[in-house]
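The structure under discussion appears below in the form of structure tokens.
The values are calculated or read from the model by the stated rules, or taken from the named source; none is laboratory data. In this text the structure is predicted, and so the values were computed from the model without any measurement. Cβ placement follows ideal geometry from the backbone for every residue including glycine, while neighbour counts extend to all protein chains displayed. All accessible areas refer to the heavy atoms of the entire protein, side chains included, with ligands and DNA or RNA removed. Shrake-Rupley method; radii C 1.70, N 1.55, O 1.52, S 1.80 Å.
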Amino acid sequence: MSASLNKSEEALQQSMLSASARIAQIARCEHTVSHTRQQAERSRIQLTLRVEAAATELGQLQSRLAQVQAEAAMAASEHTAAVHTMQREHAGEKKEALAA
């Protein structure tokens, strides 16, 4: 009976060691999961900040583009007006030359 009791005690100790090892493994996994979640949250925050910065920059670029387009339209209008003025002056010079 003593041998049987020793075997049972040995089996119990092995089970306890195995359970301890499993508990330690679970604890390591939980730590890894926690660490990974923290990294994911930091990454999400960094990505959010980058997206917000990019959106701000895009808004600034769109504003600048609108300003440049307005300046280009004004320059084109001034150029067209100058060309028309030159054409009228040239036509007037031709009339004067023909009249003379």
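Given R₀ = 35 Å, what would the calculated FRET efficiency be for residue 51 paired with residue 73, taking r from the Cβ atoms and rounding to 0.05? Please report the intermediate quantities before stating the final value.
Working: r = 32 Å, r/R0 = 0.93.
Once rounded, the FRET efficiency stands at 0.60.
Using a 1.4 Å probe on the protein chains only, how many percent of the accessible area of the chain belongs to carbon and sulfur? Can you show the working numbers first?
On the way: 5500 of 9120 Å².
Carbon and sulfur: 60 percent of the exposed surface of the chain.
From the C-alpha gyration tensor of segment 53-93, pull out the three semi-axes of the equivalent ellipsoid (sqrt of 5λ each), sorted largest to smallest, in whole Å. Working shown, then result.
Numbers: eigenvalues 307, 3, 3 Å².
Over the Cα atoms of segment 53-93, the ellipsoid semi-axes are 39, 4, 4 Å.
Using the heavy atoms of the protein chains alone and a 1.4 angstrom probe, what is the accessible area of the chain per residue in square angstrom? Intermediate results must be reported in sequence, preceding the final value.
On the way: 9120 Å² over 100 residues.
Ligands and nucleic acids excluded, the result is 91 Å² per residue.
According to a simple spin-label model (label point 7 Å from Cα along Cα-to-Cβ), what is the distance in nm between residue 23 and residue 43?
3.3
Residue separation times 0.36 nm, minus the C-alpha to C-alpha distance between residue 82 and residue 12: what's the value? Intermediate results must be reported in sequence, preceding the final value.
Details: separation 70, 0.36 × 70 = 25.20 nm, distance 10.26 nm.
The span from residue 82 to residue 12 would gain 14.9 nm if fully extended.
Any idea what log10 I(q)/I(0) is at q = 0.24, 0.26, 0.28 Å⁻¹ for segment 23-100, Debye with uniform C-alpha scatterers and no solvent?
-1.02, -1.07, -1.11
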